[in-house]
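First up is the structure itself, then whatever we jot down about it.
The values are calculated or read from the model by the stated rules, or taken from the named source; none is laboratory data. This structure is a prediction, so every number in the text was calculated from the model and none was measured. Backbone-built Cβ (ideal geometry, glycine too); neighbour counts: all protein chains shown. Protein only, heavy atoms only, side chains kept; ligands, DNA and RNA dropped before computing areas. Shrake-Rupley method; radii C 1.70, N 1.55, O 1.52, S 1.80 Å.
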Amino acid sequence: MAGTPRAHLLTTGTAEDYRRVLAEGIDRVGTRIARTDRPFTGVTPAALAPAVAAVDLDRPLADATAALDELEEVYLRDAVYFHHPRYLAHLNCPVVIPALLGEAVLTAVNSSLDTWDQSAGGTLIERRLIDWTARRIGLGPAADGVFTSGGTQSNLQALLLAREEACARNPAPRRELLPRLRVLTSAAGHFSVQKAATLLGLDADAVRTVPTDADRRMCPDALHAELTRCQRDGLTVMAVVATAGTTDFGSIDPLDAIADRCAAAGARLHVDAAYGCGLLVSPTRRHLLAGIERADSVTVDYHKSFFQPVSSSALLVRDGQVLRHATYHADYLNPAPRASGEQLPNQVDKSLQTTRRFDALKLWLTLRMMGPDAVGELFDEVIDRADGAWRLLAGDPRFEVVTRPTLSTVVFRYLPPAPAGHLADDANRHARRALAASGAAVVAGTRVDGRQYLKFTLLNPETTLDDVAHVVDLIAGHGDRYVCERTAAVAPCPVG
C-alpha cells in the first residue's frame with residue numbers, strides 16, 4: 001500500500017486494498033493454523049525478546065507481505081494456539097467461525113458502544129443480547145446489564161453496585177460505613193473479588209473467604225456462620241459472591257442454599273458464572289445452575305464457554321435501576337435527559353468504560369448462524385471429556401486427583417515412586433515446565449492445600465481421550481526422569 005498516509009485509511013477509495021490486505025492476512029493465519037502440529041514451540045522470553053527488540057518501529061516496511069513475514073518471526077510462529085487439541089492449560093477456548101466473522105465486521109466499521117450516535121443498531125443488538133441472557137438466567141422483567149471486557153471487570157462493577165446499594169440503604173455516614181463493609185466469597189473463588197475490593201477502597205480485610213467442602217463448593221452452613229458473625233460484630237455484608245465454575249476446580253457453589261442464606265440475612269447475592277455460563281445453553285446440564293435466577297447480579301464470560309474471541313463478557317443485574325451507580329453525564333457525550341430534551345439509549349450510562357468495542361456482534365452472529373443449542377452441545381462435549389480424563393487419572397496409580405469435575409477442569413498431580421514422595425512438588429513443577437518447553441502440550445499448574453498440582457482445562461471439543469492419555473504419559477515420563485536424576489532409590493532412568 002505505497003503512497004500517501006491517506007492510502008492506509010479505510011475509505012470509499014481504499015475498499016479494494018482493504019479486501020486484498022485482509023485476505024492476505026487471513027490466508028497467512030489460516031495456513032499457519034492448518035499446519036500447526038503442536039500448541040506451542042516452547043520458545044522462552046529470552047530467546048524471543050531479541051527479535052522483537054530488533055524491530056525498528058520508526059522505519060515502516062514496504063508492504064503488507066513484508067509486515068506479515070516479520071510477524072511470522074515475532075508472533076505467529078511462536079504463538080500459543082488454543083485451537084490445538086493438546087492445549088489443556090487455561091480457560092482459553094478455540095473460537096467459532098461466526099464469531100470471527102463478527103470480529104472482522106466490528107473492527108472495520110469500528111462502532112463505539114457508548115452512545116447512540118456512535119453505534120445505532122449496535123446499541124440495540126447489545127441490548128437484545130443482554131435481554132436474551134437475562135431471560136436464560138431467569139432474572140425477571142426488570143433485568144438489565146452491559147457487555148464488559150471480561151469477568152474481572154464484571155465482578156468489579158457488580159461489587160461497585162453492591163457497595164453503592166449498601167451505602168444507599170444504610171443511614172450511617174459514608175465515611176463511617178465504608179470501613180465496616182464486608183464481602184463474603186468462597187475460598188475457591190476468583191482473585192478478582194479481592195482486587196475489586198482494593199480498587200473500591202474497602203479495608204484490607206474486607207473480603208472474607210468461606211470454607212468449601214470436599215468438592216470445593218462453598219459450605220452454606222459456614223456462610224451462615226460468617227453472616228451471623230458479621231452481624232454480631234456490627235459489620236455490613238454488602239455482597240456474597242458465589243461461584244458457578246471456579247477457575248481451578250470448575251466447582252459450582254450450591255446456589256439455592258446460598259440464596260436462602262442471603263435472603264435471610266438481607267445480603268446481596270452476586271454469582272460469578274464467568275466459566276459456568278455455558279450451562280445456560282447446555283441441552284443436558286442447565287439444572288446445574290439451579291438457583292442462579294435468585295441472584296442480584298451475574299457475571300458471564302462468553303469468551304470462555306460460548307467459544308467467543310476475547311473479549312466478550314457481560315454483567316447482568318436483576319434490577320436495572322442499580323446501574324445508575326455507574327452513570328455520569330457529560331454535556332458533549334450523554335447529557336442528562338432534562339438537559340438534552342430527549343431520552344436516547346446510551347450504553348455508556350451503564351458501563352465503567354466510555355469508548356467500547358461492539359463485542360456483542362460476535363455473539364449475535366454466533367447465535368444467528370449456529371443457534372444456542374449448538375453452542376451448548378460443544379460445551380457439553382468438553383465436560384464429557386473432562387469426566388473421561390478424571391476417570392483415566394483416577395485409575396492411574398501414577399497420579400492422584402483432587403475432585404471429580406463438574407465442568408471441564410481436572411486438578412491432579414504426579415506421584416513419584418516410593419520413597420521419593422518428598423520430591424512430588426518439584427517433580428510436578430518440572431514436568432509442567434518440561435512439557436511446555438517441548439511444545440508437545442501445555443497444561444496449567446496450581447497449588448492445593450499448600451502442595452503443587454497440575455491442571456487440565458478442556459475447552460476444545462476436538463480434544464480426544466487419546467490426546468489426554470498421551471499428555472498424561474508425557475507428564476509421567478518427565479516426572480520419572482526428574483525423580484530418577486535426583487535419587488538413586490529409583491532406577492533405572494527412563495530412556496528418551
Subset of the stretch 443-491 (residues that are open to solvent by 50 Å² or more (accessible area, probe 1.4 Å), under 28 Å from residue 306 (Cβ atoms) and either assigned to a strand (DSSP E or B) or among the polar types (S, T, N, Q) (or both)): 464
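Residue by residue, here is whether (1) small (Gly, Ala, Ser); (2) at pLDDT 95 or above; (3) under 24 Å from residue 409 (Cα atoms) holds:
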residue: 144; (1), (2), (3): no, yes, no
residue: 147; (1), (2), (3): no, yes, no
residue: 154; (1), (2), (3): yes, yes, yes
residue: 159; (1), (2), (3): no, yes, no
residue: 162; (1), (2), (3): yes, yes, no
residue: 169; (1), (2), (3): no, no, no
residue: 193; (1), (2), (3): no, yes, yes
Count - residues of the stretch 112-141 that are in a loop (DSSP other than H, G, I, E, B) and over 24 Å from the mean Cα position of the chain (by Cα): 4
Out of 317, 271, 310, sole residue that is open to solvent by less than 50 Å² (accessible area, probe 1.4 Å), touching a residue at least 60 places away in the same chain (Cβ under 8 Å) and not small (Gly, Ala, Ser): 317
Of residues in the stretch 45-72 being of a type outside the set (A, V, I, L, M, F, W, C) and surrounded by 11 or more Cβ atoms within 10 Å (Cβ to Cβ), the one farthest from residue 438 (Cα to Cα): 63
Neighbours by Cβ (under 6 Å, 6+ apart or cross-chain): first from the stretch 172-187, on the phi < 0 side of the Ramachandran plot; second hydroxyl-bearing (Ser, Thr, Tyr) and open to solvent by less than 20 Å² (accessible area, probe 1.4 Å): 186/243
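Any idea which of 241, 281, 237 is more than 18 Å from residue 155 (Cβ to Cβ), crowded, with 19+ Cβ neighbours inside 10 Å, at pLDDT 95 or above and touching a helix residue (DSSP H, G or I) at 6+ places or on another chain (Cβ under 8 Å)? Outline the logic, then answer.
On the way: 241 fails: more than 18 Å from residue 155 (Cβ to Cβ); 237 fails: more than 18 Å from residue 155 (Cβ to Cβ).
It is 281.
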Residue match in the stretch 307-320 (condition: closer than 19 Å to residue 118 by Cβ and not small (Gly, Ala, Ser)): no
Considering residues of the stretch 73-95 that are among the β-branched types (Val, Ile, Thr) and closer than 29 Å to residue 190 by Cβ only, the residue surrounded by the fewest Cβ atoms within 10 Å (Cβ to Cβ): 80
Selection within the stretch 196-206 - closer than 28 Å to residue 289 by Cβ and buried (at least 20 other Cβ atoms within 10 Å of the Cβ): 196, 197, 206
Subset tally (residues that are without any contact (Cβ under 8 Å) to a residue 12 or more places away in the chain and either part of a loop (DSSP other than H, G, I, E, B) or at positive phi (or both)) for the stretch 45-65: 7
Boolean, residue 305 is open to solvent by 10 Å² or more (accessible area, probe 1.4 Å), closer than 22 Å to residue 460 by Cα and of a type in the set (Gly, Ala, Ser): no
Cβ pairs under 9 Å, 6+ apart, first in the stretch 416-438 and closer than 14 Å to residue 476 by Cβ, second outside any helix (DSSP H, G or I) and of a type in the set (Asp, Glu): none
Search result, residues across the stretch 171-197 that are in a helix (DSSP H, G or I) and either out of contact with any strand residue (DSSP E or B) (no Cβ under 9 Å at 6 or more places or on another chain) or among the aliphatic types (A, V, I, L, M) (or both): 174, 175, 176, 177, 178, 179, 193, 195, 196, 197
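Any residue that is touching a residue at least 40 places away in the same chain (Cβ under 8 Å) and open to solvent by less than 20 Å² (accessible area, probe 1.4 Å) - is there at least one of those in the stretch 207-223? Full working, then the answer.
Step one: of the stretch 207-223, the residues touching a residue at least 40 places away in the same chain (Cβ under 8 Å) are 214-216, 218, 220.
Next cut, open to solvent by less than 20 Å² (accessible area, probe 1.4 Å) only: 218.
Yes, the stretch 207-223 contains at least one residue that is touching a residue at least 40 places away in the same chain (Cβ under 8 Å) and open to solvent by less than 20 Å² (accessible area, probe 1.4 Å).
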In the stretch 411-442, the residues that are part of a helix (DSSP H, G or I), closer than 26 Å to residue 251 by Cα and open to solvent by 20 Å² or more (accessible area, probe 1.4 Å): 425, 429, 432
Yes/no for residue 168 being open to solvent by less than 10 Å² (accessible area, probe 1.4 Å), part of a helix (DSSP H, G or I) and of a type in the set (A, V, I, L, M): no
Where residue 391 falls short, out of the listed (1) touching a residue at least 60 places away in the same chain (Cβ under 8 Å); (2) under 29 Å from residue 37 (Cα atoms): (1)
Odd one out for residue 161, checked against (1) open to solvent by less than 10 Å² (accessible area, probe 1.4 Å); (2) of a type outside the set (Gly, Ala, Ser); (3) touching a Cys at 6+ places or on another chain (Cβ under 8 Å): (3)
